[in-house]
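Quick notes on the structure that follows.
Coordinate-derived values only; no laboratory data. Please read these numbers as outputs of a predicted model, since none were measured by experiment. Here the Cβ positions follow ideal geometry from the backbone for every residue, glycine too, while neighbour counts run over all protein chains shown.
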Amino acid sequence: MSENKDLGSSFRRLFFRDSEPVQNNNPQQSNTTKSGFTNGGGNFIQNPGLSASNQVVDRTLVEDFVQRLHNLINQSNQPGFDFLEFTETLFEETQTPNADVFKTVFRIAQKIDKSLTPEHLLESSKYYRDLVQQAADSEVLKGESKKQNLLTDKDTEKRNLENSLKDTKAKIEQLNKQIQDLQKQEIIVSNQLSEIDQKYNSQFVDIDNKIGAIKAAKEQVIVSIVDIEAGITTNLK
């Protein structure tokens, strides 16, 4: 079979059946798919095995990656009748094949390829399983690498912000201390201002007393001089 031949919608349904309802007689499990994903018709599905971490998966992303893996398998289809062709035929019969369907399809397949054996089917299925595993692991590694880079960027930005906050707080403390020092200085200056009159009043009084004494002394001396001048004018002419 050609490597690029599309196996069709029947085969694709094998990969997308996680998105389809599954018949179940247990009412408590009526909304559970074969893979264990909830199936409520919303945009997200949750893996019960990861419920402890509340991991929610975007259904659209899941289907997108399923489609990509399907395309990879389809492009890597090996020549001859192998697991892929067997699966296509199997699901063309029914979406819920039982033992009789498996046996019937295998008998039909052996008529197409006389050398076909269950071992060959399992060997080819392992090839595609490994292909999917490697492709998925590669994407997971890319995601983990991107996440690690984001974590590094986050830690760097967080550290820079923490340092900036620390510097800002230090400046605020420094400014608060300067404010406190200025407030203390304000009190000192205010007290000095309130005491300024008292500080100079005694000096003003002392000076005024001296000025008054000088004026009085001057008057007394001048009066004495004037008396003498009068006496000279009167008695010596």
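Using modelled backbone amide H atoms (1.01 Å from N, in-plane), which distant-in-sequence or interchain residues come within less than 5 Å of residue 113's amide H? Distant-sequence amide H within range of residue 113: zero hits. Taking θ as phi - 60° and the Karplus parameters 6.51, -1.76 and 1.60, the scalar couplings of the stretch 152-158 work out to 5, 4, 4, 4, 5, 5, 5 Hz in sequence order, x denoting glycine and proline.
For residue 177, the lysines whose Cα comes closer than 30 Å to its Cα, not counting residues fewer than 8 places off in the same chain, are 158, 166, 169.
Placing unit charges on the Cβ atoms of the charged side chains and taking the dipole of the stretch 198-237 about its Cα centre, the candidate lying farthest along the positive direction among 221, 202, 233 is 202. Of the trypsin sites (Lys or Arg not before Pro) found in the stretch 87-140, the ones in coil according to DSSP and having at most 15 other Cβ atoms within 10 Å of their Cβ are 114. Model label sites at residue 165 and residue 93, defined 7 Å from Cα along the beta-carbon direction, differ in position by 6.5 nm. The GluC sites (Glu not before Pro) of the stretch 62-155 include none that meets both conditions, a loop assignment by DSSP and at most 12 other Cβ atoms within 10 Å of the site Cβ. Counted by Cβ distance under 13 Å from residue 153, the other residues give a net charge of +3, where Lys and Arg count +1 and Asp and Glu count -1.
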